Amino acid sequence: MTDEPDVRPSPIAGTWYPSNSGLLRQSIQGYLDSVPATSINGKVFGIIVPHAGHQYSGHTAAAAFKLLDGLQIPLAAVVSPAHQPVPGKLVTTAHSAYGTPLGMIPVSSKVDQLKDLLEKSFQLELSMLHRDHEHSLEIELPFLQQVLGGDFELLPVMLADQSIRTARSLGLALAEVLRDEEVIIIASTDLSHFNSRDQAVQFDTEMLRRIEAFDPEGVIRAEEQQVGFACGRGAAAAVLWACRELGADSVQVLDYSTSGDTTGDYSSVVGYGSAVIFKEEP
């Protein structure tokens, strides 16, 4: 007799994306088919993707996820912001697996290694949550299940504190834990919120410029300077720091859109961008 896994149930299936597995697969494949293939001259370490409902940001997310389509990667680390009050600066799941309509994703034992390293070397606690309602991490999972074939483990981390210190510490810790692993690292973030499209484009262009410049500190400081905004700026910065430590040296922005492209309302939009982090080959 084996123990049943403690699966985190999805609180957003049926609202943020389809709850029917067949419709979900069809929907995601449609987004993947709708974006052109991008050729990256080098090894991909990570991607940065938006986290709105699939109907709003699925096309932009697909531009990055398409780079992973058909790859056999046994471990995916997903780093997102924490939109709701949580204990501490960094949190992860206390469950042993995540559930989506496409099946179960086991949580990697790397969570325990990351927790120990953060506490011992960076004096940061990684709190464990049961039945969290965070959408920004889960929303990426069906895409990963589609492109990686569902056979991978997950290392999930959510940032409640998106300061430079916390993001940089998390990035360095992730790099140390993942150094000898075959892994893809995903940062989940939307861009500016509730501005006119013209103002959003101005803010988002500057944020994407800093991302493409491989400037994690600049990504976080953009909001302090009121020149660019991203609700997952700390997640994006942490992943940039982690990928740089692992050997990446380049970032390429792949797609940009706003919620107005779906709703037709350009008076108040949310910005979405996707990018790939890689080591360029000569």
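The values are calculated or read from the model by the stated rules, or taken from the named source; none is laboratory data. In this text, all values refer to a predicted model and were calculated from it rather than measured experimentally. Note that we place each Cβ from the backbone using ideal geometry, even for glycine, and neighbour counts take in every protein chain shown.
Odds and ends about this structure:
- Flag for VAL251 being touching a strand residue (DSSP E or B) at 6+ places or on another chain (Cβ under 6 Å) and among the β-branched types (Val, Ile, Thr): yes
- Some residue of the stretch 63-76 being free of Cβ contacts under 8 Å to residues at least 60 places away in the same chain and among the acidic types (Asp, Glu): no
- Only one of GLY88, GLY99 that is in contact (Cβ under 8 Å) with a residue 24 or more places away in the chain and farther than 24 Å from LEU172 by Cα: GLY99
- Test for GLY22: is it exposed (fewer than 15 other Cβ atoms within 10 Å of the Cβ) and at positive phi: no
- GLY14 fulfils the conditions (1) within 19 Å of the chain's Cα centre (by Cα); (2) free of Cβ contacts under 8 Å to residues at least 40 places away in the same chain except for a single criterion, (1).
Residues are listed down the side, and each one gets a yes or a no for (1) out of contact with any Lys or Arg (no Cβ under 6 Å at 6 or more places or on another chain); (2) of a type in the set (Val, Ile, Thr):
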{"site": "PHE194", "(1), (2)": "yes, no"}
{"site": "GLN199", "(1), (2)": "yes, no"}
{"site": "GLN202", "(1), (2)": "yes, no"}
{"site": "ARG209", "(1), (2)": "yes, no"}
{"site": "ALA237", "(1), (2)": "yes, no"}
{"site": "ASP249", "(1), (2)": "no, no"}
{"site": "ASP255", "(1), (2)": "yes, no"}
{"site": "THR262", "(1), (2)": "yes, yes"}
{"site": "ALA275", "(1), (2)": "yes, no"}
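- Taken as a whole, the stretch 41-48 holds at least one residue that is surrounded by 21 or more Cβ atoms within 10 Å (Cβ to Cβ), in contact (Cβ under 8 Å) with a residue 12 or more places away in the chain and of a type in the set (A, V, I, L, M).
Table: residues versus (1) in contact with a His (Cβ under 7 Å, 6 or more places away or on another chain); (2) at pLDDT below 95; (3) of a type in the set (Val, Ile, Thr).
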position: ILE105; (1), (2), (3): no, no, yes
position: GLY149; (1), (2), (3): no, yes, no
position: MET158; (1), (2), (3): no, no, no
position: LEU172; (1), (2), (3): no, no, no
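- The set of residues from the stretch 264-273 being surrounded by fewer than 17 Cβ atoms within 10 Å (Cβ to Cβ) and out of contact with any Lys or Arg (no Cβ under 7 Å at 6 or more places or on another chain) comprises GLY264, ASP265, SER267, SER268.
- Given (1) buried (at least 20 other Cβ atoms within 10 Å of the Cβ); (2) not in a loop (DSSP other than H, G, I, E, B), number of the condition GLN252 does not satisfy: (1)
- Some residue of the stretch 109-121 being touching a helix residue (DSSP H, G or I) at 6+ places or on another chain (Cβ under 8 Å), acidic (Asp, Glu) and closer than 26 Å to VAL219 by Cβ: no
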